[in-house]
Amino acid sequence: MKTLIQNADVILPEGQLRTNVLIDGQKIAAIDPALHTRADEVVSASGLCLLPGVIDDQVHFREPGLTHKEDLHHATRACAKGGVTTFFEMPNTVPSTTSQQRLNEKLDLAAKKSLVNYGFYIGATPQNLDELRNAQRTPGIKIFIGSSTGDLLVDDQQALERIFAETSLPIAAHCEDEGIVRANQQRFAGQSDVAVHSQIRDHQAAWVATKRATDLARRHQHRFHVLHVSTGAEVALFAEHGGLLTAEVCPHHLLLNIDDYPRLGSLIQMNPSLKTEQDNQQLWQALLDGLIQVIATDHAPHTLEEKQQPYPASPSGLPAVENSLALMLDRVNQGRCSLQQIAHWMSDAPARVWDLVDKGRIQVGYDADLVLVDMQRTEVILNQQQQTKSGWSPWHGQSLQGWPVRTWVMGREVFRDGHFDLTVRGHEARFDHARGGYWSNTS
Ligand code: DOR
(Lines give C-alpha, C1' and ligand atoms only; values in the text may rest on other atoms or scores of the structure.)
Protein backbone atom coordinates (compact mmCIF):
# COMPACT_ATOMS: atom_id res chain seq x y z
CA MET A 1 0.00 0.00 0.00
CA LYS A 2 1.30 3.43 -0.98
CA THR A 3 0.12 6.68 0.62
CA LEU A 4 1.16 10.05 -0.71
CA ILE A 5 0.92 12.94 1.74
CA GLN A 6 0.96 16.09 -0.37
CA ASN A 7 2.00 19.64 0.44
CA ALA A 8 2.39 19.26 4.17
CA ASP A 9 4.76 21.46 6.12
CA VAL A 10 7.07 18.61 7.02
CA ILE A 11 9.31 18.77 10.09
CA LEU A 12 12.53 17.24 8.80
CA PRO A 13 15.70 16.81 10.91
CA GLU A 14 17.25 19.75 9.06
CA GLY A 15 14.24 22.06 9.19
CA GLN A 16 10.69 22.65 8.02
CA LEU A 17 9.88 22.16 4.32
CA ARG A 18 6.65 22.21 2.32
CA THR A 19 6.90 18.91 0.47
CA ASN A 20 5.37 15.52 -0.33
CA VAL A 21 6.00 12.35 1.64
CA LEU A 22 5.48 8.94 0.11
CA ILE A 23 4.77 5.99 2.37
CA ASP A 24 5.40 2.60 0.80
CA GLY A 25 4.38 -0.29 3.04
CA GLN A 26 5.87 0.35 6.48
CA LYS A 27 8.50 2.84 5.38
CA ILE A 28 9.00 6.42 4.30
CA ALA A 29 9.95 5.88 0.66
CA ALA A 30 10.42 9.41 -0.68
CA ILE A 31 10.41 13.05 0.43
CA ASP A 32 10.25 15.31 -2.56
CA PRO A 33 8.43 18.57 -3.36
CA ALA A 34 8.29 17.60 -7.07
CA LEU A 35 7.05 14.06 -6.48
CA HIS A 36 4.38 12.80 -8.86
CA THR A 37 3.67 9.15 -8.40
CA ARG A 38 0.77 6.77 -8.26
CA ALA A 39 -0.45 5.96 -4.77
CA ASP A 40 -3.34 4.00 -3.31
CA GLU A 41 -4.27 7.01 -1.23
CA VAL A 42 -3.47 10.67 -1.70
CA VAL A 43 -3.74 12.88 1.37
CA SER A 44 -4.04 16.56 0.64
CA ALA A 45 -2.24 18.15 3.58
CA SER A 46 -2.06 21.80 2.60
CA GLY A 47 -2.08 23.95 5.70
CA LEU A 48 -1.16 21.01 7.95
CA CYS A 49 2.17 20.02 9.52
CA LEU A 50 3.64 16.54 9.41
CA LEU A 51 5.73 15.44 12.40
CA PRO A 52 7.45 12.20 13.30
CA GLY A 53 5.12 10.21 15.57
CA VAL A 54 5.66 10.84 19.25
CA ILE A 55 7.81 8.31 21.13
CA ASP A 56 6.70 8.34 24.76
CA ASP A 57 9.40 6.62 26.76
CA GLN A 58 7.55 6.58 30.07
CA VAL A 59 4.02 5.24 30.43
CA HIS A 60 2.13 2.96 32.82
CA PHE A 61 -0.51 1.02 30.90
CA ARG A 62 -1.42 -1.27 33.83
CA GLU A 63 -1.68 -4.52 31.91
CA PRO A 64 -1.45 -7.14 33.32
CA GLY A 65 -3.02 -6.89 36.73
CA LEU A 66 -4.40 -3.39 37.12
CA THR A 67 -6.72 -3.29 34.14
CA HIS A 68 -9.53 -1.60 36.06
CA LYS A 69 -7.38 1.56 35.74
CA GLU A 70 -6.15 1.17 32.16
CA ASP A 71 -5.48 -1.48 29.52
CA LEU A 72 -3.67 -1.73 26.23
CA HIS A 73 -6.82 -1.35 24.22
CA HIS A 74 -7.82 1.98 25.76
CA ALA A 75 -4.31 3.28 26.31
CA THR A 76 -3.18 2.66 22.74
CA ARG A 77 -6.33 4.27 21.33
CA ALA A 78 -5.39 7.25 23.49
CA CYS A 79 -1.89 7.10 21.95
CA ALA A 80 -3.24 6.99 18.39
CA LYS A 81 -5.46 10.00 19.08
CA GLY A 82 -2.61 11.89 20.71
CA GLY A 83 -0.09 11.24 17.93
CA VAL A 84 1.95 8.80 20.03
CA THR A 85 3.15 6.05 17.70
CA THR A 86 5.55 4.26 20.07
CA PHE A 87 5.48 3.79 23.84
CA PHE A 88 7.80 2.21 26.38
CA GLU A 89 6.00 0.91 29.39
CA MET A 90 7.15 0.69 32.99
CA PRO A 91 7.50 -2.53 34.97
CA ASN A 92 5.22 -1.74 37.96
CA THR A 93 2.35 -3.87 36.73
CA VAL A 94 0.99 -6.91 38.60
CA PRO A 95 3.02 -9.04 38.43
CA SER A 96 5.91 -6.65 37.96
CA THR A 97 8.13 -7.07 34.90
CA THR A 98 11.31 -8.28 36.56
CA SER A 99 12.29 -11.23 34.35
CA GLN A 100 12.65 -12.06 30.67
CA GLN A 101 9.63 -14.31 30.95
CA ARG A 102 7.43 -11.46 32.20
CA LEU A 103 8.83 -9.21 29.51
CA ASN A 104 8.02 -11.75 26.83
CA GLU A 105 4.50 -12.10 28.21
CA LYS A 106 3.97 -8.34 27.92
CA LEU A 107 5.39 -8.32 24.40
CA ASP A 108 2.96 -11.11 23.44
CA LEU A 109 0.04 -9.19 24.93
CA ALA A 110 1.00 -6.03 23.08
CA ALA A 111 1.42 -7.88 19.78
CA LYS A 112 -2.21 -8.93 20.09
CA LYS A 113 -3.68 -5.70 21.42
CA SER A 114 -1.59 -2.61 20.81
CA LEU A 115 -2.58 -0.15 18.07
CA VAL A 116 0.85 1.48 18.24
CA ASN A 117 4.48 0.33 18.51
CA TYR A 118 5.68 -0.85 21.89
CA GLY A 119 8.57 -1.67 24.17
CA PHE A 120 8.78 -2.66 27.84
CA TYR A 121 11.40 -1.98 30.49
CA ILE A 122 12.69 -4.65 32.82
CA GLY A 123 12.36 -3.63 36.46
CA ALA A 124 15.23 -3.93 38.92
CA THR A 125 14.88 -5.60 42.30
CA PRO A 126 17.67 -6.20 44.85
CA GLN A 127 17.68 -9.85 43.72
CA ASN A 128 17.28 -10.04 39.93
CA LEU A 129 20.77 -9.12 38.72
CA ASP A 130 21.02 -12.12 36.40
CA GLU A 131 17.77 -11.19 34.70
CA LEU A 132 18.98 -7.61 34.29
CA ARG A 133 22.30 -8.78 32.85
CA ASN A 134 20.71 -11.00 30.25
CA ALA A 135 17.54 -9.14 29.35
CA GLN A 136 16.73 -8.75 25.66
CA ARG A 137 14.06 -7.04 23.57
CA THR A 138 13.93 -4.09 25.96
CA PRO A 139 14.88 -0.40 25.92
CA GLY A 140 16.58 -0.86 29.29
CA ILE A 141 16.43 -1.28 33.04
CA LYS A 142 14.07 0.71 35.26
CA ILE A 143 15.05 1.31 38.87
CA PHE A 144 12.71 2.81 41.42
CA ILE A 145 15.36 4.39 43.65
CA GLY A 146 12.39 5.81 45.54
CA SER A 147 9.15 3.87 45.81
CA SER A 148 6.01 4.93 44.00
CA THR A 149 2.95 2.96 42.82
CA GLY A 150 3.66 -0.76 43.37
CA ASP A 151 6.38 -2.45 45.39
CA LEU A 152 9.45 -2.05 43.18
CA LEU A 153 12.28 -0.41 45.10
CA VAL A 154 16.07 -0.63 45.10
CA ASP A 155 17.30 1.71 47.80
CA ASP A 156 20.22 -0.30 49.16
CA GLN A 157 23.56 1.20 48.08
CA GLN A 158 25.29 -2.14 47.58
CA ALA A 159 22.47 -3.41 45.38
CA LEU A 160 22.57 -0.21 43.34
CA GLU A 161 26.36 -0.42 42.96
CA ARG A 162 26.07 -3.94 41.60
CA ILE A 163 23.35 -3.04 39.11
CA PHE A 164 25.40 -0.14 37.74
CA ALA A 165 28.61 -2.19 37.80
CA GLU A 166 27.41 -5.47 36.38
CA THR A 167 24.78 -4.68 33.76
CA SER A 168 25.18 -3.16 30.33
CA LEU A 169 21.67 -2.11 29.28
CA PRO A 170 20.88 1.59 29.65
CA ILE A 171 19.35 2.42 33.03
CA ALA A 172 16.47 4.80 33.79
CA ALA A 173 15.45 5.69 37.32
CA HIS A 174 12.72 7.24 39.39
CA CYS A 175 14.74 9.50 41.67
CA GLU A 176 13.18 10.47 45.01
CA ASP A 177 15.07 9.68 48.20
CA GLU A 178 13.23 7.04 50.19
CA GLY A 179 14.69 8.08 53.55
CA ILE A 180 13.72 11.72 53.14
CA VAL A 181 10.23 10.83 51.91
CA ARG A 182 9.62 8.47 54.83
CA ALA A 183 10.85 11.00 57.39
CA ASN A 184 8.59 13.65 55.86
CA GLN A 185 5.66 11.24 55.89
CA GLN A 186 6.11 10.93 59.66
CA ARG A 187 6.34 14.68 59.99
CA PHE A 188 3.12 15.29 58.10
CA ALA A 189 1.26 12.22 59.36
CA GLY A 190 -2.44 12.86 59.85
CA GLN A 191 -2.63 15.74 57.38
CA SER A 192 -5.17 15.19 54.66
CA ASP A 193 -4.53 18.31 52.57
CA VAL A 194 -3.03 16.91 49.37
CA ALA A 195 -0.76 19.94 49.07
CA VAL A 196 1.49 18.37 51.73
CA HIS A 197 2.40 15.78 49.08
CA SER A 198 4.84 18.34 47.68
CA GLN A 199 6.33 18.89 51.13
CA ILE A 200 6.71 15.17 51.70
CA ARG A 201 8.21 14.50 48.27
CA ASP A 202 10.12 17.75 48.40
CA HIS A 203 12.94 19.42 46.47
CA GLN A 204 15.52 17.80 48.70
CA ALA A 205 14.16 14.29 48.11
CA ALA A 206 14.45 14.78 44.35
CA TRP A 207 17.89 16.35 44.46
CA VAL A 208 19.48 13.82 46.82
CA ALA A 209 18.26 10.83 44.79
CA THR A 210 19.18 12.32 41.41
CA LYS A 211 22.62 13.22 42.75
CA ARG A 212 23.07 9.70 44.08
CA ALA A 213 22.00 8.11 40.80
CA THR A 214 24.04 10.39 38.55
CA ASP A 215 27.10 9.77 40.76
CA LEU A 216 26.58 6.03 40.36
CA ALA A 217 26.33 6.43 36.60
CA ARG A 218 29.53 8.50 36.45
CA ARG A 219 31.54 6.23 38.70
CA HIS A 220 30.50 3.13 36.78
CA GLN A 221 30.53 4.86 33.37
CA HIS A 222 27.02 3.57 32.81
CA ARG A 223 24.45 5.12 30.50
CA PHE A 224 21.73 6.67 32.58
CA HIS A 225 18.44 8.47 31.94
CA VAL A 226 16.83 10.54 34.69
CA LEU A 227 13.07 10.11 34.44
CA HIS A 228 10.60 12.92 35.11
CA VAL A 229 12.83 15.66 36.51
CA SER A 230 10.70 17.89 38.74
CA THR A 231 13.02 20.60 40.08
CA GLY A 232 15.18 23.28 38.56
CA ALA A 233 17.98 22.41 41.00
CA GLU A 234 18.48 18.90 39.58
CA VAL A 235 19.33 20.36 36.19
CA ALA A 236 22.75 21.50 37.44
CA LEU A 237 23.62 17.81 37.84
CA PHE A 238 23.29 17.25 34.08
CA ALA A 239 25.67 19.96 32.92
CA GLU A 240 28.67 17.64 32.69
CA HIS A 241 27.05 14.68 31.06
CA GLY A 242 30.21 12.96 29.84
CA GLY A 243 28.26 11.38 27.01
CA LEU A 244 26.34 9.19 29.45
CA LEU A 245 23.53 11.17 31.03
CA THR A 246 20.19 12.19 29.62
CA ALA A 247 17.11 13.54 31.31
CA GLU A 248 13.44 14.03 30.71
CA VAL A 249 10.60 16.18 31.88
CA CYS A 250 6.83 15.60 31.79
CA PRO A 251 4.20 18.10 30.60
CA HIS A 252 2.75 18.27 34.12
CA HIS A 253 6.07 19.36 35.61
CA LEU A 254 6.31 22.06 32.95
CA LEU A 255 2.72 23.29 33.11
CA LEU A 256 1.37 22.66 36.62
CA ASN A 257 2.67 23.55 40.07
CA ILE A 258 1.72 23.68 43.76
CA ASP A 259 -0.53 26.69 43.15
CA ASP A 260 -2.85 24.32 41.22
CA TYR A 261 -3.65 22.11 44.26
CA PRO A 262 -6.63 24.23 45.40
CA ARG A 263 -8.21 23.86 41.93
CA LEU A 264 -7.27 20.26 41.11
CA GLY A 265 -6.56 18.54 44.43
CA SER A 266 -5.40 14.93 44.25
CA LEU A 267 -5.90 14.83 40.46
CA ILE A 268 -2.44 16.35 40.29
CA GLN A 269 -0.92 14.24 43.03
CA MET A 270 1.95 12.41 41.39
CA ASN A 271 5.49 11.23 42.02
CA PRO A 272 7.75 13.12 41.79
CA SER A 273 5.40 15.73 43.17
CA LEU A 274 4.63 19.05 41.57
CA LYS A 275 6.94 21.83 42.64
CA THR A 276 6.84 25.63 42.20
CA GLU A 277 6.23 28.00 39.32
CA GLN A 278 9.91 28.79 39.40
CA ASP A 279 10.67 25.10 38.83
CA ASN A 280 8.30 25.15 35.80
CA GLN A 281 10.33 28.01 34.35
CA GLN A 282 13.69 26.43 35.11
CA LEU A 283 12.63 23.13 33.53
CA TRP A 284 11.48 24.95 30.38
CA GLN A 285 14.80 26.70 30.24
CA ALA A 286 16.66 23.41 30.68
CA LEU A 287 14.80 21.97 27.67
CA LEU A 288 15.59 25.04 25.60
CA ASP A 289 19.25 24.84 26.69
CA GLY A 290 19.50 21.11 25.84
CA LEU A 291 20.22 20.08 29.44
CA ILE A 292 16.99 18.07 29.37
CA GLN A 293 16.53 16.26 26.08
CA VAL A 294 13.23 14.37 26.28
CA ILE A 295 9.56 15.07 27.00
CA ALA A 296 7.58 12.02 28.15
CA THR A 297 4.26 11.78 29.93
CA ASP A 298 4.58 9.27 32.80
CA HIS A 299 0.94 8.46 31.83
CA ALA A 300 -0.18 6.87 35.12
CA PRO A 301 -3.94 6.44 35.24
CA HIS A 302 -6.01 5.67 38.31
CA THR A 303 -9.80 5.72 38.46
CA LEU A 304 -11.48 8.93 39.56
CA GLU A 305 -12.93 7.03 42.49
CA GLU A 306 -9.43 6.05 43.62
CA LYS A 307 -8.15 9.58 43.13
CA GLN A 308 -10.99 11.05 45.14
CA GLN A 309 -10.07 9.18 48.32
CA PRO A 310 -8.75 11.54 50.98
CA TYR A 311 -4.97 12.05 50.98
CA PRO A 312 -2.80 10.01 51.56
CA ALA A 313 -5.06 7.14 50.44
CA SER A 314 -5.37 8.81 47.01
CA PRO A 315 -2.87 7.24 44.57
CA SER A 316 -0.22 9.19 42.65
CA GLY A 317 -0.34 9.63 38.89
CA LEU A 318 -2.36 11.09 36.05
CA PRO A 319 -3.23 10.12 32.46
CA ALA A 320 -1.63 12.16 29.66
CA VAL A 321 -0.75 10.33 26.43
CA GLU A 322 -3.69 11.63 24.45
CA ASN A 323 -3.03 15.28 25.24
CA SER A 324 0.74 15.61 25.56
CA LEU A 325 1.40 16.57 21.94
CA ALA A 326 -1.54 18.99 21.86
CA LEU A 327 -0.34 20.60 25.10
CA MET A 328 3.03 21.21 23.49
CA LEU A 329 1.60 22.36 20.14
CA ASP A 330 -0.42 24.91 22.06
CA ARG A 331 2.87 26.21 23.49
CA VAL A 332 4.25 26.46 19.96
CA ASN A 333 1.25 28.63 19.10
CA GLN A 334 2.02 30.74 22.16
CA GLY A 335 5.54 31.28 20.86
CA ARG A 336 7.30 29.39 23.66
CA CYS A 337 9.05 26.89 21.39
CA SER A 338 9.12 25.66 17.80
CA LEU A 339 7.71 22.60 16.03
CA GLN A 340 11.29 21.59 15.35
CA GLN A 341 11.99 21.53 19.07
CA ILE A 342 8.84 19.53 19.77
CA ALA A 343 9.88 16.94 17.16
CA HIS A 344 13.28 16.74 18.82
CA TRP A 345 12.10 16.44 22.43
CA MET A 346 9.22 14.05 21.72
CA SER A 347 10.54 11.91 18.85
CA ASP A 348 14.17 12.17 17.81
CA ALA A 349 15.68 12.49 21.28
CA PRO A 350 13.89 9.50 22.85
CA ALA A 351 14.72 7.42 19.76
CA ARG A 352 18.38 8.25 20.25
CA VAL A 353 18.40 7.81 24.02
CA TRP A 354 17.09 4.25 23.67
CA ASP A 355 18.89 3.30 20.41
CA LEU A 356 15.63 2.78 18.58
CA VAL A 357 16.12 1.51 15.07
CA ASP A 358 14.59 3.53 12.20
CA LYS A 359 12.38 5.78 14.30
CA GLY A 360 12.12 9.36 15.50
CA ARG A 361 12.62 11.23 12.23
CA ILE A 362 10.96 11.88 8.93
CA GLN A 363 13.70 10.52 6.73
CA VAL A 364 13.76 8.15 3.74
CA GLY A 365 14.12 4.55 4.96
CA TYR A 366 12.70 5.32 8.40
CA ASP A 367 9.48 3.74 9.65
CA ALA A 368 6.33 5.52 8.55
CA ASP A 369 5.26 6.52 12.07
CA LEU A 370 3.77 9.92 11.39
CA VAL A 371 1.35 12.44 12.78
CA LEU A 372 -0.38 15.17 10.85
CA VAL A 373 -1.25 18.17 12.99
CA ASP A 374 -3.53 21.14 12.44
CA MET A 375 -1.96 24.14 14.14
CA GLN A 376 -5.12 26.22 13.65
CA ARG A 377 -7.52 23.81 15.26
CA THR A 378 -8.85 24.73 18.70
CA GLU A 379 -10.42 22.09 20.92
CA VAL A 380 -11.32 21.77 24.56
CA ILE A 381 -10.10 18.72 26.50
CA LEU A 382 -13.13 17.00 27.99
CA ASN A 383 -13.22 14.05 30.36
CA GLN A 384 -16.08 12.46 28.45
CA GLN A 385 -13.99 12.38 25.27
CA GLN A 386 -10.91 10.76 26.78
CA GLN A 387 -9.93 7.36 25.40
CA THR A 388 -7.98 6.32 28.50
CA LYS A 389 -9.94 3.77 30.52
CA SER A 390 -9.58 6.02 33.56
CA GLY A 391 -11.82 8.50 31.72
CA TRP A 392 -10.44 11.80 32.92
CA SER A 393 -7.74 14.36 32.34
CA PRO A 394 -6.25 16.92 34.73
CA TRP A 395 -6.59 19.37 31.81
CA HIS A 396 -10.38 18.90 31.55
CA GLY A 397 -11.97 22.15 30.39
CA GLN A 398 -8.75 23.55 28.92
CA SER A 399 -8.82 24.91 25.39
CA LEU A 400 -5.75 24.20 23.27
CA GLN A 401 -4.80 25.37 19.80
CA GLY A 402 -2.92 22.81 17.70
CA TRP A 403 -4.11 19.19 17.52
CA PRO A 404 -3.13 15.91 15.90
CA VAL A 405 -5.67 15.03 13.20
CA ARG A 406 -4.24 11.89 11.55
CA THR A 407 -1.79 9.26 12.79
CA TRP A 408 0.06 6.52 10.89
CA VAL A 409 1.77 3.57 12.56
CA MET A 410 4.20 1.64 10.35
CA GLY A 411 2.47 3.02 7.29
CA ARG A 412 -1.08 2.25 8.38
CA GLU A 413 -3.47 5.01 9.30
CA VAL A 414 -4.73 4.28 12.79
CA PHE A 415 -6.47 7.56 13.62
CA ARG A 416 -8.27 10.09 11.47
CA ASP A 417 -10.36 12.94 12.79
CA GLY A 418 -11.87 11.17 15.77
CA HIS A 419 -12.07 7.72 14.15
CA PHE A 420 -9.85 4.70 14.73
CA ASP A 421 -8.90 1.76 12.57
CA LEU A 422 -8.97 -0.87 15.28
CA THR A 423 -7.49 -3.50 12.94
CA VAL A 424 -4.09 -1.77 12.99
CA ARG A 425 -1.43 -3.40 15.15
CA GLY A 426 1.79 -1.77 16.27
CA HIS A 427 5.14 -3.51 16.01
CA GLU A 428 7.71 -4.39 18.63
CA ALA A 429 10.30 -1.63 18.80
CA ARG A 430 13.82 -2.72 17.86
CA PHE A 431 16.84 -1.55 19.85
CA ASP A 432 20.45 -1.52 18.79
CA HIS A 433 22.22 -0.73 22.03
CA ALA A 434 25.61 -0.81 20.33
CA ARG A 435 24.71 2.65 19.00
CA GLY A 436 25.67 4.09 22.35
CA GLY A 437 22.75 6.35 23.20
CA TYR A 438 21.78 9.97 22.71
CA TRP A 439 25.20 11.60 22.60
CA SER A 440 26.81 9.24 20.10
CA ASN A 441 23.72 8.23 18.19
CA THR A 442 22.84 10.67 15.46
CA SER A 443 21.10 8.41 12.97
O1 DOR B 1 2.86 9.38 40.12
C2 DOR B 1 3.32 8.34 39.71
N3 DOR B 1 2.54 7.30 39.41
N4 DOR B 1 4.64 8.22 39.57
C5 DOR B 1 5.23 7.04 39.30
O6 DOR B 1 6.42 6.99 39.21
C7 DOR B 1 4.42 5.82 39.16
C8 DOR B 1 3.08 6.17 38.73
C9 DOR B 1 2.10 5.02 38.78
O10 DOR B 1 2.45 3.94 38.28
O11 DOR B 1 1.00 5.20 39.26
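The values are calculated or read from the model by the stated rules, or taken from the named source; none is laboratory data. Keep in mind the model is a prediction, meaning the values are calculated, not measured. All Cβ positions, even for glycine, are placed from backbone atoms using ideal geometry, and neighbour counts span all protein chains on display.
Worth a mention:
- Being part of a loop (DSSP other than H, G, I, E, B) and closer than 22 Å to LYS389 by Cβ is true of LEU115.
- Single residue of region 66-85 satisfying the filter (basic (Lys, Arg) and away from the ligand (no atom under 16 Å from the Cβ)) that is surrounded by the fewest Cβ atoms within 10 Å (Cβ to Cβ): ARG77
- Qualifying positions in region 54-76 - more than 22 Å from ALA173 (Cβ to Cβ) and more than 15 Å from the chain's Cα centre (by Cα): GLU63, PRO64, GLY65, THR67, HIS68, LYS69, GLU70, ASP71, LEU72, HIS73, HIS74
- Residue within region 351-360 that is of a type in the set (Asp, Glu) and more than 16 Å from the ligand (Cβ to nearest atom) present: yes
- Given (1) surrounded by 15 or more Cβ atoms within 10 Å (Cβ to Cβ); (2) at pLDDT 95 or above, number of the condition SER399 does not satisfy: (1)
- Residue list for region 122-162, filter: closer than 21 Å to ASP215 by Cβ and touching a Gly at 6+ places or on another chain (Cβ under 7 Å): LYS142
- Residue check for LEU291: under 20 Å from GLY360 (Cα atoms) and part of a loop (DSSP other than H, G, I, E, B): yes
- Residues located in region 221-271, provided they are under 14 Å from LEU318 (Cα atoms), among the aliphatic types (A, V, I, L, M) and buried (at least 20 other Cβ atoms within 10 Å of the Cβ): LEU256, LEU267, ILE268, MET270
- Boolean, PHE144 is out of contact with any strand residue (DSSP E or B) (no Cβ under 6 Å at 6 or more places or on another chain) and among the aromatic types (Phe, Trp, Tyr): no
- Taking (1) surrounded by 23 or more Cβ atoms within 10 Å (Cβ to Cβ); (2) β-branched (Val, Ile, Thr); (3) under 17 Å from VAL321 (Cβ atoms); (4) touching a His at 6+ places or on another chain (Cβ under 9 Å) in turn, VAL353 satisfies each apart from (3).
- Region 47-96, residues that are touching a strand residue (DSSP E or B) at 6+ places or on another chain (Cβ under 6 Å) and of a type in the set (Gly, Ala, Ser): GLY53, ALA80, GLY83, SER96
- For region 128-152, a tally of residues being outside any strand (DSSP E or B) and within 12 Å of the ligand (Cβ to nearest atom) returns 8.
- Enumeration of residues in region 220-238 that are within 16 Å of the ligand (Cβ to nearest atom) and not small (Gly, Ala, Ser): HIS225, VAL226, LEU227, HIS228, VAL229, THR231, GLU234
- For region 31-51, residues that are touching a residue at least 40 places away in the same chain (Cβ under 8 Å), exposed (fewer than 15 other Cβ atoms within 10 Å of the Cβ) and either within 18 Å of VAL373 (Cα to Cα) or in contact with a Gly (Cβ under 6 Å, 6 or more places away or on another chain) (or both) total 2.
- Members of region 256-315 that are within 15 Å of the ligand (Cβ to nearest atom) and polar (S, T, N, Q): SER266, GLN269, ASN271, SER273, THR297, THR303, GLN309, SER314
- Looking at region 178-263, the helices (runs of 4 or more DSSP H) lying wholly inside it that each contain 3 or more residues that are over 18 Å from GLN278 (Cβ atoms) sit at 178-187, 203-219.
- Cβ separations smaller than 8 Å between residues 6+ apart or across chains give no pair from region 83-97 residues that are over 18 Å from ASP358 (Cα atoms) and modelled with pLDDT under 95 to residues that are surrounded by fewer than 24 Cβ atoms within 10 Å (Cβ to Cβ) and small (Gly, Ala, Ser).
- All of (1) small (Gly, Ala, Ser); (2) within 15 Å of ALA368 (Cα to Cα); (3) surrounded by 22 or more Cβ atoms within 10 Å (Cβ to Cβ) hold for GLY25 with one exception: (3).
- Test: PHE88 is crowded, with 17+ Cβ neighbours inside 10 Å and part of a loop (DSSP other than H, G, I, E, B): no
- Any hit, region 165-180, residues being surrounded by 21 or more Cβ atoms within 10 Å (Cβ to Cβ), free of Cβ contacts under 8 Å to residues at least 40 places away in the same chain and within 16 Å of the ligand (Cβ to nearest atom): yes
- Wholly within region 361-443, strands (runs of 3 or more DSSP E) carrying at least 2 residues that are charged (D, E, K, R) and more than 30 Å from HIS222 (Cβ to Cβ): 370-380, 412-416
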